[in-house]
Every structure is written in structure tokens, then in C-alpha cells.
1. Tell me, please, whether a residue that is within 18 Å of the chain's Cα centre (by Cα), at pLDDT below 90 and in the same structural domain as residue 378 (by TED's automatic domain parsing) can be found in region 314-324.
2. How many residues does region 322-348 contain that are crowded, with 18+ Cβ neighbours inside 10 Å and either over 22 Å from residue 284 (Cβ atoms) or touching a strand residue (DSSP E or B) at 6+ places or on another chain (Cβ under 8 Å) (or both)?
3. Are any residues in region 119-142 crowded, with 19+ Cβ neighbours inside 10 Å and farther than 23 Å from residue 176 by Cβ, and if so, which ones?
4. Evaluate the following for residue 146: is it modelled with pLDDT under 95, outside the structural domain of residue 374 (by TED's automatic domain parsing) and crowded, with 16+ Cβ neighbours inside 10 Å?
5. Restricting attention to region 401-415, does a residue exist that is in contact with a helix residue (DSSP H, G or I) (Cβ under 9 Å, 6 or more places away or on another chain), assigned by TED's automatic domain parsing to the domain that holds residue 323, touching a residue at least 40 places away in the same chain (Cβ under 8 Å) and more than 21 Å from residue 468 (Cβ to Cβ)?
6. Report yes if residue 298 is assigned by TED's automatic domain parsing to the domain that holds residue 356 and more than 17 Å from the chain's Cα centre (by Cα), otherwise no.
7. Can you say whether residue 171 is in a helix (DSSP H, G or I) and either surrounded by fewer than 18 Cβ atoms within 10 Å (Cβ to Cβ) or touching a helix residue (DSSP H, G or I) at 6+ places or on another chain (Cβ under 9 Å) (or both), as far as the supplied structure shows?
8. Looking only at region 202-213, filter to residues that are assigned to a loop (DSSP other than H, G, I, E, B) and in contact with a helix residue (DSSP H, G or I) (Cβ under 8 Å, 6 or more places away or on another chain); which one of those is surrounded by the most Cβ atoms within 10 Å (Cβ to Cβ)?
């Protein structure tokens, strides 16, 4: 057995890149030369090891160094900081707001999609010189959550923090009269709002924009983009019950380990159905997910193989686990998994738990009684996961959905905290061929394909992705680098 273990030892470790947050460590293979009489036996064991493909070598579990020795924010990340202060040309609400002009917003989707809508609503109110009524949350979507704005966010803080930028009220006054409903196209810019919405205020004092998600352009002038950042990163503070419970969750994770990784697994029935992909569950899976897809009337049928080739499918829990191990995360790392109901339950999670035995969820580190006030509300549960993921030392997203984008942007704004997104398009090819290579080769290739997907400042090119994911107007470079006074925006 000892000889077998020796022959199964391969290079496992972390690749050294200036732009990567994980330091590559290569472990030297320990080869013991057997006597001539046992050479044949040794060769046989080597063959067995190579055929074992991606099974992690039993005696190379990467133990010996904990996460806090491995995680390093790059030197480059220290050269940038979030900056969202308004310029001297930015007019205040007191000067800009027109009397008797009220803007109402109906957000759409889950918690984080609604968060983008709320953020953009403040900017639109500024563009239209209007008083914003605290936005309504979506109660009719797939999640059927009856929460109000004040159940999720601290409404008093929201109103007061933005008081110099936009006038915000909690209820529309009776004298505003009837409300005119309207809808604008997606990615509508300032000119679009002036053309489509401003004329409506000549007939009505109050206008409500419905299904308000991604209805504001990605490209705005710098002061409007900075207003977006003030809303998203400062004004939208969670309500006290969510903050209190969120801090408890983080404290409990810190009690288990000084540093931890948070994974937004997103392997839930609705997400799998919406993706249009096939995940290997046979006829049963296809029937179940097809039934779920029928809930979206506008959802088109997709070619599962094409979607996977394009990198649009989620990684399975096992694939996520293998990716993290290939990147050098040890089995003793504490993993917080943010997720709702996992499709396939414990059977689906078993391979990930085998790779990372220190597996935690909000349910596993709290009591039922503690979660009672949140458990019937999907948005409040999502807010708890959001808080823990934001506070984690490394955040791993399994898709590029709303939560992943907002957290990526937020973590960039607050110091470029390590954020990993799977390069699903290229990883797909690796997973297809994983039986044809040993663990050392697989690990090396994963490290290569993940360059550019590790949350480094150099990845955040201007205009790449949505502004909520890449808030380039709100990221400034240290004056020490520029050699001039004050921060310089990128």
C-alpha cells in the first residue's frame, strides 16, 4: 500500500501569477526506487495510478498549509480603491428636483435583479428631476415573496443617505392624483428618458415605470455612474434583522476558520430549467426541468449541447469542487455554500462534500428557530447568503447571474477582494477529456484557463460586462502610482 501511495503522488499546487490571488505551489514527487526484484510490481502500480484519472491522490491531499497561507490579494489590488464622490458640477436634489413630479418604480425578478432596478431607479429620478417614491418589490414572480422594501433594506438609511442627490419619499401624497403607468425599453439612456418619460409629466404628476429591470443604459456620464455606486454600495444597507443574522453567520464561520470560501452554487431547479442545459440526470431530469420551463411563457427551447459549448451551463457541484481543488484549495478549507434547494439533494452534493468535508450552509450553522423569521421569504434568505458571500475571503460564483455580477462589482469597489468565476466555455472541454489525463495535467490546465477569471484589477476593462459587475467609473488608482495628488479614476 505504501508503494502504491508513493507512485500515485503527482504535481499538485498553485501556479505563480502576478495577476492571480492564489500562489501556485508545486509539490515534488517523492519517488522511491524499488529493488530490481519489485520493479515489475512498481510499474503495474504506476499504470493503475494513471488509469485512476482525476481521483485525488490519497497521500497528496495538499495538507500542511492552511488557507490563510495560500490566499494572497495581489499587489496590484492594493493600488485601487472605490471612489464615488460627486463632482462639483453635480447638482443637488434641492436645486434640481421639480415640485409635484413623482416617479414610482415596480421592480422585477429576485432580490438581486430588484437591487439593480432600485439602484437604477434613483439615477432615473435624478435624470427626470423627479421625487422618487420608495420602489415596490416584485411579489408576483417565480419566487412569490411578499416582502416589502423595508423588510429587506433599511429604508430610513436609504432615504437619508441619498437626500443630497435625490429626494425620496416613502408614500406618494394624495394630491399627486392618478398614476400613469409606462414601460421603457431596456438600456434606455438619459436622452431616451427625456424623450419617452418626461412628456408624460406634462399630463400627470405621477408616473410609474413597470417591470423595471435593466432599463438604464450601461453607458452614462461619470457623475451618473458615481451616483449608481453611491446607491448600490452605500445607500442600500440591509434591514437590522438581516444584518444581525448575517453577522452571526459570518462570526460562526470565523469561529470554524480564520478564513473561508463562499460558493454561490446556484444549482437549483429553476436555474437549471432556465439554462436549457442537460446535466446528466436522464429522462427523469429532462421531464422535470421541461415542466419547470413551461412557467416561463417567453422561454425558448435551447440546444443543450450548444449551450454547454458556449459556456452557458452551470458547473455541477462535482465540477466546481474539482476546479477549486485544481486551483489549489485544500480539503481542509471551510466552504460556505449559498444556495436554495439543490436539484438532486444530497446525492448531487456528495462529490463536492467529499472534496471539501468542511461544508457549511446557513441551515447547518443556525437553528430552525433562528431562521424562522426568514424561512418563508426567498429574498430574505437570499439577503443572508449575499451578506456572507460579501464578507468571505474568496467568493466563487457558479454562474454570471445577478448576484454574481453585483458581488463581483461590490468586491472590486471594496478592495478587489478575490472573486472567482469559472471559465465555463474552456472548462467544458477539460471536463470532457478529464479521463484522458492525470491529475497533475488537469490541474495545470485549469490554472491556465482560469487566468482572467480570478477577480484581478487587470481583468476589469472599461465597458466589459454590465456596470454593476464592473463599476469602472468608481474605481480609482492610488496617487502613489500616478505620482500626482489625489486618486485618479480609471
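1. First pass over region 314-324, keeping only residues within 18 Å of the chain's Cα centre (by Cα): 314-317, 319-321, 323-324.
Next, from what is left, pick out any that are at pLDDT below 90: none.
No: zero hits.
2. Final tally of qualifying residues: 16.
3. 119 - this is the single residue of region 119-142 that is crowded, with 19+ Cβ neighbours inside 10 Å and farther than 23 Å from residue 176 by Cβ.
4. Numbers: modelled with pLDDT under 95: yes; outside the structural domain of residue 374 (by TED's automatic domain parsing): yes; crowded, with 16+ Cβ neighbours inside 10 Å: no.
In short, no.
5. To start, the set of residues in region 401-415 that are in contact with a helix residue (DSSP H, G or I) (Cβ under 9 Å, 6 or more places away or on another chain) comprises 401-407, 409-415.
Filter again for assigned by TED's automatic domain parsing to the domain that holds residue 323, leaving 401-407, 409-415.
Keeping just the survivors that are touching a residue at least 40 places away in the same chain (Cβ under 8 Å) gives 401-407, 409-415.
So of that shortlist, the ones also more than 21 Å from residue 468 (Cβ to Cβ) come out as none.
No, because not a single residue in region 401-415 is in contact with a helix residue (DSSP H, G or I) (Cβ under 9 Å, 6 or more places away or on another chain), assigned by TED's automatic domain parsing to the domain that holds residue 323, touching a residue at least 40 places away in the same chain (Cβ under 8 Å) and more than 21 Å from residue 468 (Cβ to Cβ).
6. Details: assigned by TED's automatic domain parsing to the domain that holds residue 356: yes; more than 17 Å from the chain's Cα centre (by Cα): yes.
The answer is yes for residue 298.
7. Details: in a helix (DSSP H, G or I): no; either surrounded by fewer than 18 Cβ atoms within 10 Å (Cβ to Cβ) or touching a helix residue (DSSP H, G or I) at 6+ places or on another chain (Cβ under 9 Å) (or both): yes.
So residue 171 fails the test.
8. In the first step, residues of region 202-213 are kept if they are assigned to a loop (DSSP other than H, G, I, E, B); the result is 203-205, 213.
Still in the running and in contact with a helix residue (DSSP H, G or I) (Cβ under 8 Å, 6 or more places away or on another chain): 205, 213.
Working: 205: 20, 213: 17.
The extreme case among them is 205.
The values are calculated or read from the model by the stated rules, or taken from the named source; none is laboratory data. Worth saying up front: this structure is predicted, and the values here are computed from it rather than measured. We place every Cβ from the backbone using ideal geometry, glycine too, and count neighbours over all the protein chains shown.
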